[in-house]
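In what follows, a structure is listed as structure tokens, so that the remarks can point back to it.
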Amino acid sequence: MIKSATYVISNPEYKLCPIPDRPEYAFIGRSNVGKSSLINMICNNQKLAKTSSAPGKTQMINHFDVNQGQWYLVDLPGYGFAKVSQTQRKKWEKMIEDYLRQRENLAQVFVLIDSRHSPQKLDLDFVNRLGEWEVPFTLLFTKADKETQQVVSKNVKDFLNKMRATWQFLPAHVVTSVMKQMGRDKILGMIDTLNKEFNEQS
């Protein structure tokens, strides 16, 4: 359960992030996947992450403190078609990769996939990279209320089947809808379990 969530700091590189003294959960997805809205739904705070109709609003590693020091929620820049220069994009990619590979208290990455679309190469490439880097992740299929259940189910199934071609074990996945508050309890349940594991290990 989330009692409080407050913005802490934004950084252009992982070395400047807060002391890694608690578990951390990062949210990332293609630009315009509904990341800020989902973060706000999870935290029950509509003003926490800045939502925008223009993709590419998030440009740094943003830390939010949850339940007064229990864990960090991290909002990462989207990957994909934000209108930025090649140089800027390369900079973002390096920042994200360094953070994902080097941040020692990162307990899980939640990768957001738009459930309205058939599998996109960009998303598949990204999850394959996470696999190569051995970064633990969960797939969150967003905007499930914006399409029929049939279309959403088919797109989720197709995405997992694409992964099956190269993956021996598939990651956990949750279908979400901000409008219907769908998937919230499941995500918080996962975080709760991982928090316990993290605290037992430390």
Among Lys15/Lys154; Lys91/Lys186; Lys83/Lys162; Lys3/Lys146; Lys3/Lys91, the pairs whose Cα-Cα distance exceeds 32 Å are Lys15/Lys154; Lys91/Lys186; Lys3/Lys91
Rounded to the nearest Å, the spacing of the alpha-carbon centers of segment 5-32 and segment 91-136 is 14 Å
Assertion target for Thr142, Thr166, Thr6, ordered by fewest C-beta neighbours within 10 angstrom first, is Thr166, Thr6, Thr142
The aspartates and glutamates whose Cα lies under 15 Å from the Cα of Lys180, excluding any fewer than 8 residues away in the same chain, are Asp145, Glu147
Each label sits 7 Å from Cα toward the beta-carbon; between Ile9 and Ser118 the label points are separated, in nm, by 4.6 nm
The aspartates and glutamates whose Cα lies under 15 Å from the Cα of Lys94, excluding any fewer than 8 residues away in the same chain, are Glu13
Assertion target for Ile19, Ile2, ordered by fewest C-beta neighbours within 10 angstrom first, is Ile19, Ile2
Correct response: the longest run of the chain lacking exposed chymotrypsin sites (Phe, Trp or Tyr not before Pro), defined by DSSP loop and at most 15 other Cβ within 10 Å, is 1-80
Toy charge model, Lys and Arg Cβ at +1, Asp and Glu Cβ at -1: segment 110-178 dipole around Cα centroid in debye, rounded to 20, equals 200 debye
Here the gain from full extension of Asn199 to Ser85, 0.36 nm per residue of separation minus their alpha-carbon distance, amounts to 36.9 nm
Least to most buried among Lys47, Lys154, by other C-beta atoms within 10 Å and fewest first, runs Lys47, Lys154
Toy charge model, Lys and Arg Cβ at +1, Asp and Glu Cβ at -1: the chain dipole around Cα centroid in debye, rounded to 20, equals 780 debye
In deg cm²/dmol, rounded to the nearest 500, the helical mean residue ellipticity at 222 nm of the chain, built from -39500 (n - 2.57) for every DSSP H run of length 4 or more, is -11500 deg cm²/dmol
Taking a ≥ b ≥ c as the square roots of the Cα gyration tensor eigenvalues, with a/c under 1.5 meaning rounded and otherwise prolate when a/b beats b/c or oblate if not, the chain comes out rounded
Candidate cut points under trypsin sites (Lys or Arg not before Pro) in segment 67-105, DSSP loop plus at most 16 other Cβ atoms within 10 Å of their own Cβ, are Lys83
Under the Karplus relation with 6.51, -1.76 and 1.60 and θ = phi - 60°, whole-Hz ³J(HN,Hα) for segment 105-114, x at Gly and Pro, equal 9, 6, 8, 6, 10, 9, 9, 8, 10, 6
So for segment 82-202, using the alpha carbon gyration tensor with a ≥ b ≥ c as root eigenvalues (a/c under 1.5 gives rounded; past that, a/b versus b/c decides prolate or oblate), I'd call it oblate
Per the C-alpha gyration tensor (a ≥ b ≥ c, the square roots of its eigenvalues), segment 131-191 is rounded if a/c is under 1.5, else prolate if a/b beats b/c, else oblate; here it's oblate
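Read-outs: derived from the displayed coordinates by stated rules, not from any lab. These numbers were taken from a predicted model, which means no experiment stands behind them. Glycine gets a Cβ as well: all are built from the backbone with ideal geometry, and neighbour counts include every protein chain shown.
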